[in-house]
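Comments concern the structure below.
The values are calculated or read from the model by the stated rules, or taken from the named source; none is laboratory data. Computed from a predicted model, the values in this text were never measured in an experiment. Every residue, glycine as well, gets a Cβ built from its backbone with ideal geometry; the counts of neighbours run over all protein chains shown.
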Amino acid sequence: MEGWFAGRLPEAWGEEAPEVVSDRDEILVVVRIADVELGDASEDERRAAREGRIARFREETREERMRIAREAEGRFGRKVSWGAECGGLRVLFTHLATPVMTRLRIPERKVLDTLVEAGVARSRSHALAWCVRLVGDHEKDWIEELRAALVAVENARASGPRAS
């Protein structure tokens, strides 16, 4: 998939291959565009220039991105989302916010309600997303270990006997 996008995107869009991340619902393509050259400008000026460059990229490439997204959605069977990165500033243009159903007991709901009442989150849904991000941020090594183990399990299944 990464190779397809690297070959499909116009060369003028970036000096390096795009970052392509996917799950079963979505493919996110982040194009890395050239950083701004501002000499000794302040960090606020640099950020504003990067935001402007990303906004210009978004506007100027919209039609072509949508054409490529339609091709990719037909090929890979998932929605395609876009973003751009300039000098470390990352902006996602379109991306899915997929609803997830879960059943929680009183202790778990109390945690979410506490986050809402304290103003950390706007709703239980927002609080749950906050908790998931927190685990992802603080348990990166463990999550990566789990992902590697899942790949090993999938490889073992693929090399195992076939049912007739």
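Of the set (1) among the β-branched types (Val, Ile, Thr); (2) touching a Phe, Trp or Tyr at 6+ places or on another chain (Cβ under 7 Å); (3) within 26 Å of residue 147 (Cα to Cα), all apply to residue 33 but (3). Restricting 130, 82 to residues that are among the aromatic types (Phe, Trp, Tyr), under 18 Å from the mean Cα position of the chain (by Cα) and at pLDDT 95 or above narrows the list to 82. Against the condition of a type in the set (A, V, I, L, M, F, W, C), more than 29 Å from residue 27 (Cα to Cα) and either part of a helix (DSSP H, G or I) or in contact with a strand residue (DSSP E or B) (Cβ under 7 Å, 6 or more places away or on another chain) (or both), how does residue 112 come out, does it pass? So residue 112 passes the test. In the range 75-88, of all residues being among the hydrophobic types (A, V, I, L, M, F, W, C) and touching an Asp or Glu at 6+ places or on another chain (Cβ under 7 Å), the one that is farthest from residue 36 (Cα to Cα) corresponds to 80.
Across the range 56-90, the qualifying residues are those that are of a type in the set (A, V, I, L, M) and touching a strand residue (DSSP E or B) at 6+ places or on another chain (Cβ under 8 Å), and the one among them that is nearest to residue 14 (Cα to Cα) is 84. Only a single criterion out of (1) in contact with a Lys or Arg (Cβ under 9 Å, 6 or more places away or on another chain); (2) under 20 Å from residue 91 (Cα atoms); (3) of a type in the set (A, V, I, L, M, F, W, C); (4) modelled with pLDDT of 95 or more is not satisfied by residue 66, namely (1).
For the range 115-164, which positions are among the polar types (S, T, N, Q) and in a helix (DSSP H, G or I)? Within the range 115-164, 125, 155, 159 qualify.
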